[in-house]
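**Student:** Can you keep this structure in mind? I'll have questions shortly.
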Amino acid sequence: MMALEQVLATVGRVNRHDLTLWIERRWVRPHHEAGGYVFTELDVARITLICDMRHDMAIDDEAMPVVLGLLDQVYGMRTRLRHLADAVAAQPEEVRLAVAAELKRQIRRDDEDRL
Amino acid sequence: MTDPYEILGLSKSASDEDIRKAYRKLAKKYHPDLNPGKADAEARFKDISASYALLSDPEKRARFDRGEIDASGAETPRNFYRGFADAGGAGRYGAEEHFVDNEDLESFFSDLFAHRGAGGGAAAGGFRMRGGNVTYAMRIPFLDAVKGARKRLTLPDGRALDVDIPAGINSGQTIRLKGQGSPGLGGGPSGDALIEIEVEPHDLFRRDGNDIRIDLPVTLAEALLGGKVRVPTVDGAVAMTIPKGANSGTVLRLKGKGVPAPKGGARGDQYVTVRPVLPSSPDAEFEEFIRRWYDSHPQDPRSNPGSNTE
């Protein structure tokens, strides 16, 4: 858990004005407590990523919400896929084998479609 | 770390602008947070960042070019976003109207299953899933298994299923009735009924692969002198010739009288083991004849080495 000042010092590549703007735009969503914003490590990593994209990948403020939106969808999908994989893993072996066989069949079909 | 120029794909004479461009290009491609599924992206990106940190600083670059410093130590430790997001901490950034539809997990998976049966008329957003398979056990008479039959199976729920037993089925094999298992959910197809077959033993016939074996009782006269006898087969009795001097245990073959092969292969045979039996009632004349005959033809069937057991 970090306060805003600490985040600015840790990340280094963002100033108070920009970070406040990002929070207003909800690109970054720290918890808000009586003493001000509280950032988790996840928030700090996200701020660092936004800095990387702004400075190193020339993604400007217009494009940023599009990229972040897609990124959040990718991570959301990954979480759900993991839930699905866990749900399959919790099934009896017969079911797991059937799922694996069907997956193999689907992948093979996709491969054939590509040819 | 190896040569930073090499990592960024540059020559020693690269301009500051070249370095910046090369770094941007590689960062877009290899940033680990933009490649959550690629395990090696993080190590690669760290090399790229460290190379850039060195070469983008004119003073450090000059010292490196003069050989005063090497490329190591330029790396700053860092926790990437993907590590936290994949650990399940990014819920705050996922389920928000601003970026993603406000769908919950359950409806996401409902969609997933609904898509699988596309075209099957599932209700929009409904949960659609194939029903499960249900296994039943069924005992069938030996001859039905050999020759095939149609059997009626009454299910616990009162439904009756007509099961076609294919000729040649054996114990442990399963008959699949498509769509007769548990009903599907949300318009999904039903599962299958799997019927495990157990074949009842027969008094006369024994199964040996696709062959059938029986023991055939014959009289001493038929065994000694040979002759034509009627032999039961799964198709009904047929005539068979016992050769002269057929001893107990002699095996005779009836070609093509075995079990039909399941997929049009050759039908098995029936093997008949000859078992001579004594006359059914004691007879003084026969006993007297045997006694006298063996007195004049003494012999010991146990003297042959094959019967030497202990």
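**Student:** Can you tell me how segment A:25-113 classifies by the Cα gyration tensor, rounded, prolate or oblate, using a/c under 1.5 as the rounded cut?
**Tutor:** Since a/c reaches 1.5 but b/c is at least a/b, the shape of segment A:25-113 is classed as oblate.
**Student:** Right, next: Hey, got the average number of other protein chain Cβ atoms within 10 angstrom for residues in A:56-67?
**Tutor:** Other-chain Cβ atoms within 10 Å of each residue's Cβ, averaged: 2.
**Student:** Follow-up. For segment B:270-284, just list the computed ³J(HN,Hα) in residue order, Karplus coefficients 6.51, -1.76 and 1.60, θ = phi - 60°, integers in Hz, with x standing in for Gly and Pro.
**Tutor:** Result, ordered by residue: 10, 9, 10, 9, 6, 10, x, 10, 6, x, 5, 10, x, 9, 4 Hz.
**Student:** Could you line up B:F286, B:F142 from fewest to most neighbouring Cβ atoms inside 10 Å?
**Tutor:** B:F286, B:F142
**Student:** Still on this model: Note the full-extension length gain between B:A221 and B:R292 as 0.36 nm times their separation in residues minus their Cα-Cα distance, in nm to one decimal.
**Tutor:** 23.8 nm
**Student:** May I ask for the distance between the Cα centers of segment B:4-38 and segment A:48-115, given as a whole number of Å?
**Tutor:** Measuring centre to centre over Cα atoms gives 25 Å.
**Student:** Further question on the same structure: Can you sort A:D86, B:D192, B:D211, A:D43 so the residue with the fewest Cβ neighbours within 10 Å comes first?
**Tutor:** Starting with the residue having the fewest Cβ neighbours, the order is A:D86, B:D211, B:D192, A:D43.
**Student:** Something else about it: Residues with amide H under 5 Å of B:T250's amide H, sequence separation 5 or more or different chain, H placed in the peptide plane at 1.01 Å from N; which?
**Tutor:** Result for B:T250 returns B:V274.
**Student:** Excluding same-chain residues fewer than 8 positions from B:K151, which aspartates and glutamates have a Cα within less than 19 Å of its Cα?
**Tutor:** Reachable aspartates and glutamates: B:D162, B:D164, B:D192, B:E196, B:E198, B:E200.
**Student:** Holding the Cα-Cα limit at 25 Å, pick out from B:K12/B:K60; B:K25/B:K60; B:K12/B:K38; B:K12/B:K46 the pairs that are longer than that.
**Tutor:** B:K12/B:K38
**Student:** Kindly provide the helix-only [θ] at 222 nm of chain A, computed as the sum of -39,500 (n - 2.57) over DSSP H runs of four or more divided by all residues, to the nearest 500 deg cm²/dmol?
**Tutor:** -23500 deg cm²/dmol
**Student:** What order do you get for A:Y75, B:Y294, B:Y81, B:Y5 when you list them from fewest to most C-beta neighbours inside 10 Å?
**Tutor:** B:Y294, B:Y5, A:Y75, B:Y81
Each value in this text was obtained by applying a stated rule to the coordinates, not by laboratory testing. Not measured: the values here are computed from a predicted model. Note that each Cβ is placed from the backbone with ideal geometry, even for glycine, and that neighbours are counted across all protein chains shown.
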